[in-house]
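S.K.: To start, I am sharing the structure in question, which I have written as structure tokens.
The values are calculated or read from the model by the stated rules, or taken from the named source; none is laboratory data. On a predicted model such as this, the values are computed, not experimentally measured, just so you know. Cβ coordinates were reconstructed from backbone atoms using ideal geometry, including for glycine residues, and neighbour counts include every protein chain displayed.
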Ligand code: DI6
Ligand code: FE
């Protein structure tokens, strides 16, 4: 690949995520990687004769990263949406056998091919907004076979579209109906064996859990994380979404890549996350959908230097959303992030939340995954609602 001819994206407004924006910048791509980036006036002579794309002053950012999705699942939950509008809470719906468990029924009924087919339109919506890397969780199978089918479907998305997929095993998402009242038996008999099997098949990049009164306790999650550690897999956690149960502190104790949702996290949690290098993944789509009023402790995250990432949480219940641009807008309006923090949240900090060091910034040696936008200022990406200004998406050095 080294011998491949370089390409120059010139006359660009560069937001590298590592330095202040460069109004008249250039990026050199070669062999799927970024070879050089900086002010156009510093472009090394060797690249002045290379194939050149004049971007006419457009903004170039790293391609976006959606670091928390449940994009592979069967069916939808529009009926539950109606129930909630009639007054039922998310927890009421879950206890009435709806919620996550109803998506489990639809996911078990779907073939692996059907899971891929149903995920593709959602994936396409994300790609159309400049996404290049996507995390996908299991967690709607809750039996060994379907958990593995979900992860295989997630991996297959890479063959269907120019996208990079990172998988998270989320067997500890909910207790399936056949194990009602026996969460520990579910973990022993299904979740942990499924994790070992999925790992043996190379299907798992990280291990996740849902730590909540309607799901699993910190002690139960600790069992899953201990197994992940044994297998050498990094962990992350849905923590403090609906109440403060101590999931964030647990995640920090295990050196988690991220603690996600974290609306009910407290200042002590932010301190623990900073010490363990755990990113906070904020999910304003779920906050919005559930009419949540407790916003995550953004000021504490800032004070302690906890990196804040943003993601769609695309799932059929609490966040049926496939727009990372809308996520950025919501994070600014609902959580008071600055537009700069929002952009960091879907690039550099999202990479961090996935444990990736080769994307999310524009710097030599990193993957040539870029988004070119029909905007002048980075803040325009967060400012608009429902408008997609993507001009080009570059994936691995190719325009697609
Ligand atoms: N928290 C979430 O936001 C999703 N899972 C989770 O643990 C919601 C999943 C769903 O409602 O289907
Ligand atoms: Fe989630």
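S.K.: Does region 253-290 hold any residues that are touching a residue at least 24 places away in the same chain (Cβ under 8 Å), more than 16 Å from ligand 2 (Cβ to nearest atom) and surrounded by fewer than 24 Cβ atoms within 10 Å (Cβ to Cβ), and which are they?
M.R.: Answer for region 253-290, where residues must be touching a residue at least 24 places away in the same chain (Cβ under 8 Å), more than 16 Å from ligand 2 (Cβ to nearest atom) and surrounded by fewer than 24 Cβ atoms within 10 Å (Cβ to Cβ): 254, 266, 267, 271, 272, 274, 276.
S.K.: When you scan region 166-192, how many residues do you find that are in contact with a strand residue (DSSP E or B) (Cβ under 9 Å, 6 or more places away or on another chain) and more than 16 Å from ligand 2 (Cβ to nearest atom)?
M.R.: Residues that pass the stated criteria total 7.
S.K.: Output yes when any residue across region 222-230 is touching a strand residue (DSSP E or B) at 6+ places or on another chain (Cβ under 8 Å) and at positive phi, and no when none is.
M.R.: No, because not a single residue in region 222-230 is touching a strand residue (DSSP E or B) at 6+ places or on another chain (Cβ under 8 Å) and at positive phi.
S.K.: Scan region 329-345 for residues that are closer than 13 Å to residue 286 by Cα and either more than 16 Å from ligand 1 (Cβ to nearest atom) or surrounded by fewer than 23 Cβ atoms within 10 Å (Cβ to Cβ) (or both) and report the count. Quick ask: steps written out before the conclusion?
M.R.: Just the residues of region 329-345 that are closer than 13 Å to residue 286 by Cα, to begin with: 330-331, 334-335.
Filter once more, so that each one left must be either more than 16 Å from ligand 1 (Cβ to nearest atom) or surrounded by fewer than 23 Cβ atoms within 10 Å (Cβ to Cβ) (or both): 334-335.
Result for region 329-345: 2.
S.K.: Here is a follow-up. Being assigned to a loop (DSSP other than H, G, I, E, B) and surrounded by fewer than 21 Cβ atoms within 10 Å (Cβ to Cβ): is that true of residue 355 here?
M.R.: Taking the combined requirement at face value, the residue satisfies it.
S.K.: Counting only residues that are closer than 23 Å to residue 351 by Cα and more than 14 Å from ligand 1 (Cβ to nearest atom), which one in region 165-197 is surrounded by the most Cβ atoms within 10 Å (Cβ to Cβ)?
M.R.: Filtering first and then ranking leaves 167.
S.K.: Next question, about the same structure. Output the number of residues of region 103-115 satisfying the condition of being more than 16 Å from ligand 2 (Cβ to nearest atom), assigned to a helix (DSSP H, G or I) and buried (at least 21 other Cβ atoms within 10 Å of the Cβ). Please lay out each step first, then the result.
M.R.: As a first pass, look at region 103-115 and keep what is more than 16 Å from ligand 2 (Cβ to nearest atom): 105-106, 108-115.
Narrowing further to those that are assigned to a helix (DSSP H, G or I): 105-106, 108-109, 112-115.
Now drop any that are not buried (at least 21 other Cβ atoms within 10 Å of the Cβ), which leaves 115.
Total meeting the criteria: 1.
Results for (1) touching a strand residue (DSSP E or B) at 6+ places or on another chain (Cβ under 8 Å); (2) more than 30 Å from residue 4 (Cα to Cα); (3) in contact (Cβ under 8 Å) with a residue 60 or more places away in the chain; (4) within 16 Å of ligand 2 (Cβ to nearest atom), shown as yes or no for each residue.
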site: 51; (1), (2), (3), (4): yes, no, no, no
site: 57; (1), (2), (3), (4): yes, no, yes, no
site: 78; (1), (2), (3), (4): no, yes, no, no
site: 94; (1), (2), (3), (4): no, yes, yes, yes
site: 97; (1), (2), (3), (4): no, yes, yes, no
site: 101; (1), (2), (3), (4): no, yes, yes, yes
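S.K.: Residues being closer than 24 Å to residue 318 by Cα and assigned to a loop (DSSP other than H, G, I, E, B): count how many of those fall in region 206-232.
M.R.: 5
S.K.: Let me ask you something else. Can you tell me which residue in region 59-75 is nearest to residue 374 (Cα to Cα), limited to those that are part of a loop (DSSP other than H, G, I, E, B) and within 16 Å of ligand 2 (Cβ to nearest atom)?
M.R.: The residue in question is 67.
S.K.: Further question on the same structure: Among the residues of region 16-35, write down those that are touching a helix residue (DSSP H, G or I) at 6+ places or on another chain (Cβ under 7 Å) and on the phi < 0 side of the Ramachandran plot.
M.R.: Listed by number, the residues that qualify are 24, 25, 26, 28.
S.K.: Quick check on region 304-328: of everything there that is part of a loop (DSSP other than H, G, I, E, B) and more than 15 Å from ligand 1 (Cβ to nearest atom), which residue is surrounded by the fewest Cβ atoms within 10 Å (Cβ to Cβ)? Show your work before the answer.
M.R.: We begin by selecting, within region 304-328, every residue part of a loop (DSSP other than H, G, I, E, B); these are 305-307, 311-314, 316-318, 320-323.
Subsequent filtering for residues that are more than 15 Å from ligand 1 (Cβ to nearest atom) retains 305-307, 323.
Numbers: 305: 9, 306: 27, 307: 22, 323: 21.
Among those that are part of a loop (DSSP other than H, G, I, E, B) and more than 15 Å from ligand 1 (Cβ to nearest atom), it is 305.
S.K.: Considering only region 149-159, I want to know if a residue exists there that is modelled with pLDDT of 95 or more, closer than 24 Å to residue 369 by Cα, outside any helix (DSSP H, G or I) and touching a helix residue (DSSP H, G or I) at 6+ places or on another chain (Cβ under 7 Å).
M.R.: No, there is no match, as no residue in region 149-159 is modelled with pLDDT of 95 or more, closer than 24 Å to residue 369 by Cα, outside any helix (DSSP H, G or I) and touching a helix residue (DSSP H, G or I) at 6+ places or on another chain (Cβ under 7 Å).
S.K.: Checking residue 162 against (1) in a loop (DSSP other than H, G, I, E, B); (2) more than 16 Å from ligand 1 (Cβ to nearest atom); (3) buried (at least 22 other Cβ atoms within 10 Å of the Cβ), which single condition isn't satisfied?
M.R.: With respect to (1) in a loop (DSSP other than H, G, I, E, B); (2) more than 16 Å from ligand 1 (Cβ to nearest atom); (3) buried (at least 22 other Cβ atoms within 10 Å of the Cβ), residue 162 is out only on (3).
S.K.: While we're on this one: Give region 324-337 a look and list any residue that's touching a helix residue (DSSP H, G or I) at 6+ places or on another chain (Cβ under 7 Å) and farther than 15 Å from residue 132 by Cβ, or say none.
M.R.: Of the residues in region 324-337, the ones touching a helix residue (DSSP H, G or I) at 6+ places or on another chain (Cβ under 7 Å) are 324-325, 327-332, 334-337.
Within region 324-337, 327, 328, 329, 330, 331, 332, 334, 335, 336, 337 meet the criteria.
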